[in-house]
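Only one structure is covered here, and it is reproduced in the block below.
The values are calculated or read from the model by the stated rules, or taken from the named source; none is laboratory data. Keep in mind it's a predicted model, so treat the numbers as computed, not measured. All Cβ positions, even for glycine, are placed from backbone atoms using ideal geometry, and neighbour counts span all protein chains on display. Quick note on the areas: whole protein, heavy atoms, side chains included, nothing else; ligands and nucleic acids left out. Shrake-Rupley method; radii C 1.70, N 1.55, O 1.52, S 1.80 Å.
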Amino acid sequence: MSTETGPVIEPAQMPDGVRVPGDVHVRLEHVEKTFPGRGRRGVPQTALKDVDLEIRRGEVFGIIGYSGAGKSTLLRLINGLEVPSSGRVLVGGHELTALGERGRREVRRDIGMVFQQFNLFRSRTVAGNVAYPLKVAGMGRDERERQVARLLDFVGLLDRAHDHPEQLSGGQKQRVGIARALATEPSLLLADEATSALDPETTGEVLALLRRVNRDLGVTIVLITHELDVIRAVADRVAVLDAGRVVETGSVYDVFARPRTEAAARFTGTTLRDRPSPATLARLRAAHSGRLVTVRVRDRAGFQTRLARTFLDHQVAAEIVFGGISELQERPVGGLTFELTGPDGAVDTALAALRADGVDLIEEPE
Amino acid sequence: MHEFLTNLAVYREAIRQTFYIVLISVSVGGLLGLGLGLMLYATRPGSLSANRPVFVLVNLLVNVVRPIPFVIFLTAIQPIMLHTIGTTIGTNAVTFALSLSAAFAVSRIIEQNLLTVDPGVIEAARAAGARPISILVTVLIPEALGPIILGYTFIFVAVVDMSAQAGLFGGGGLGDFAITYGSQRYNWPIVYITVATIVVIVQAGQFLGNWLARRALRR
């Protein structure tokens, strides 16, 4: 969006005024959601259990979980498309759970939403899709047209304004979806698996656009995904959802560099390859007779030099047999698996020394 | 053929009556059916304005009326006709009955076509803060417009068909003309000319419907 045209969706002009870092934008308190079972004898399904969550104004908050973990339900509680069975949902200054459907509709107009399958209106042009929320909000025609043009310019699709959705590629459709979601200049954007239907390259484009929405427009973004790569690319903080419960919350680096739960570790295991899988471990055991220890790589100056020195000092031979180092939020993360061999007790003292030095290590089970 | 020409005025009047009956029935029945169909769609469990009692009631009404053959339906509603339009015979009586009958058929067509609209699109409209009534009018109908137009075309043809029975109640029209002036007098040219006329009317309607639907679907 060029500065000459007088961008209306700059942070300073957001309806909520200036963004306050750390200010809570969305809060879920003890939220439970149970769906009635299908049919007369259906068993009620619990989708969310005792969920507490705090999303700060201006951040990109990721919610990661496998399918069926309750992500979609959680996201829809934030704009009131779903109502919790118990607990409170607060968005901006509103307590959604205290409002009726009419009140929730009002709040929804300040919350944008993008979808995995884009959900564009086939009966409308690209411009018509973006204009829809503005019509709902009752904006006059001239102003609406200006706003639609600004948004299409922002997502780089101004030249496709009069095309219909079926004439666009997947990535372009999602950009229209994002423009539509931003039409009313919301302070909050919900992204429901926004890149899951796209190929890797297009995924990158859409994620870059979401980043721009967050950084340039100051919009708080809550995104749900089952892909750690999406979280790594855009999220500041993350919650891991497993079987309807939030099992970990924190900065993306903290949660995935040192996962404390099995659920979080499963995601890092598949993407970061920081620990050998049981099958790999079995092969390593067959090939190496020494003790196998995995060290978590940390964002610390001279980390590996210290590791090497410790091993040398204790006359322990250390052979890297597995591992990988990648980046999370521009900081190194990963794991290195060593085969350690040395005189009696030397390995134990070396490991004790490393632990004393604050090194996070896991002795792989026999 | 000579006999047809002497009855040309009657033939013209029959065409006029058929158009009168069909156009009014399709318009009035179409509008009533649209309302009924939207109601069926919106009130069904899990839908935009789910309301079980209303849904069950309307659904039952439609299911009860729809299987009644038109000739019997027309007779059955004679008391209602007397109250509302003051007569039970003639063109207006037939048009009244046909409008009602068409409305119930249209309601199902509307309901069915709305049900095929992608729920994701409805969710997008809800997420934008749109009210249910606005979603019905500005999202659901436009999204299903192509098949809805084809549905109305189907109803148009069905109404032309049913309008042939108007003669039984003094309603006139092409069906009546074909029987009274044609088959009952063993005057086959009149029968065939009338049949051809009906075929032309139906074809024209079908052509228009297809053309409009193609435009709505952009295919």
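Observations on the structure shown:
- Filter result for A:Arg102 (over 20 Å from the mean Cα position of the chain (by Cα), more than 18 Å from A:Glu29 (Cα to Cα) and in a loop (DSSP other than H, G, I, E, B)): no
- Verdict on B:Ala144 being touching a Ser or Thr at 6+ places or on another chain (Cβ under 9 Å), under 30 Å from B:Ala50 (Cβ atoms) and at pLDDT 95 or above: yes
- Yes/no for A:Arg150 being surrounded by fewer than 23 Cβ atoms within 10 Å (Cβ to Cβ), basic (Lys, Arg) and farther than 15 Å from A:Thr184 by Cα: no
- Positions within segment A:63-92 being part of a loop (DSSP other than H, G, I, E, B), more than 13 Å from the chain's Cα centre (by Cα) and either more than 11 Å from chain B (Cβ to nearest Cβ) or surrounded by fewer than 24 Cβ atoms within 10 Å (Cβ to Cβ) (or both), in sequence order: A:Ser67, A:Gly68, A:Ala69, A:Gly70, A:Leu81, A:Glu82, A:Val83, A:Pro84, A:Ser85, A:Gly92
- Among the residues making up segment A:325-354, those that are in a helix (DSSP H, G or I) and open to solvent by less than 50 Å² (accessible area, probe 1.4 Å) are A:Ala346, A:Val347, A:Ala350, A:Leu351, A:Ala353, A:Leu354.
- From the list B:Ala130, B:Ala124, the lone residue that is part of a loop (DSSP other than H, G, I, E, B) and more than 30 Å from B:Ile72 (Cβ to Cβ) is B:Ala130.
This table checks each residue for (1) open to solvent by 20 Å² or more (accessible area, probe 1.4 Å); (2) under 19 Å from B:Gly172 (Cβ atoms); (3) more than 19 Å from the chain's Cα centre (by Cα).
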site: B:Thr18; (1), (2), (3): no, yes, no
site: B:Leu31; (1), (2), (3): yes, no, no
site: B:Leu36; (1), (2), (3): yes, no, no
site: B:Gly46; (1), (2), (3): yes, no, yes
site: B:Leu57; (1), (2), (3): yes, no, yes
site: B:Leu61; (1), (2), (3): yes, no, no
site: B:Ile68; (1), (2), (3): yes, no, no
site: B:Leu82; (1), (2), (3): yes, no, yes
site: B:Thr87; (1), (2), (3): yes, yes, yes
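- Any chance A:Thr202 is over 12 Å from the mean Cα position of the chain (by Cα), assigned by TED's automatic domain parsing to the domain that holds A:Leu77 and farther than 30 Å from A:Gly93 by Cα: yes
- Selection within segment A:225-276 - among the polar types (S, T, N, Q), open to solvent by 10 Å² or more (accessible area, probe 1.4 Å) and in contact with a helix residue (DSSP H, G or I) (Cβ under 6 Å, 6 or more places away or on another chain): A:Thr271
- Filtered residue count, segment B:163-195, keeping only those that are within 20 Å of the chain's Cα centre (by Cα) and either surrounded by fewer than 23 Cβ atoms within 10 Å (Cβ to Cβ) or among the basic types (Lys, Arg) (or both): 5
- Failed criterion for B:Trp188 (all others in (1) under 19 Å from A:Phe121 (Cβ atoms); (2) touching a Gly at 6+ places or on another chain (Cβ under 9 Å) hold): (1)
- Filtering segment A:172-192 for residues that are more than 23 Å from A:Gly80 (Cα to Cα) and in contact with a Lys or Arg (Cβ under 6 Å, 6 or more places away or on another chain) leaves an empty set.
- Filter pass, A:Arg175 being basic (Lys, Arg) and free of Cβ contacts under 8 Å to residues at least 24 places away in the same chain: no
- If the condition is being out of contact with any Leu (no Cβ under 6 Å at 6 or more places or on another chain), facing chain B (nearest Cβ under 7 Å) and over 19 Å from A:Ala149 (Cα atoms), then segment A:113-122 contributes A:Phe115, A:Gln117, A:Asn119, A:Arg122.
- Residue within segment A:143-165 that is aliphatic (A, V, I, L, M) and in contact with a Pro (Cβ under 7 Å, 6 or more places away or on another chain) present: no
- Selection status of A:Ala282, modelled with pLDDT under 90, closer than 30 Å to A:Ile64 by Cα and surrounded by fewer than 18 Cβ atoms within 10 Å (Cβ to Cβ): yes
- Counted as qualifying within segment B:3-83 are the helices (runs of 4 or more DSSP H) with 2 or more residues that are at pLDDT below 95 and of a type in the set (Gly, Ala, Ser), namely B:8-43.
- Segment B:107-124, subset surrounded by 21 or more Cβ atoms within 10 Å (Cβ to Cβ), more than 7 Å from every other protein chain (Cβ to nearest Cβ) and not β-branched (Val, Ile, Thr), residue nearest to A:Ile178 (Cα to Cα): B:Leu114
- Those residues of segment A:298-356 which are within 20 Å of A:Pro259 (Cα to Cα) and among the hydroxyl-bearing types (Ser, Thr, Tyr), in sequence order: A:Ser326, A:Thr337
- Looking only at segment A:128-167, and only at residues there that are assigned to a loop (DSSP other than H, G, I, E, B) and away from chain B (no Cβ under 14 Å), the one that is farthest from A:Leu209 (Cα to Cα): A:Gly140
- Test: residue in segment B:144-160 that is on the phi > 0 side of the Ramachandran plot, away from every other protein chain (no Cβ under 14 Å) and buried (at least 20 other Cβ atoms within 10 Å of the Cβ): no
- The conditions of being in contact with a Pro (Cβ under 6 Å, 6 or more places away or on another chain) and in the same structural domain as A:Lys71 (by TED's automatic domain parsing) are met by A:Leu120.
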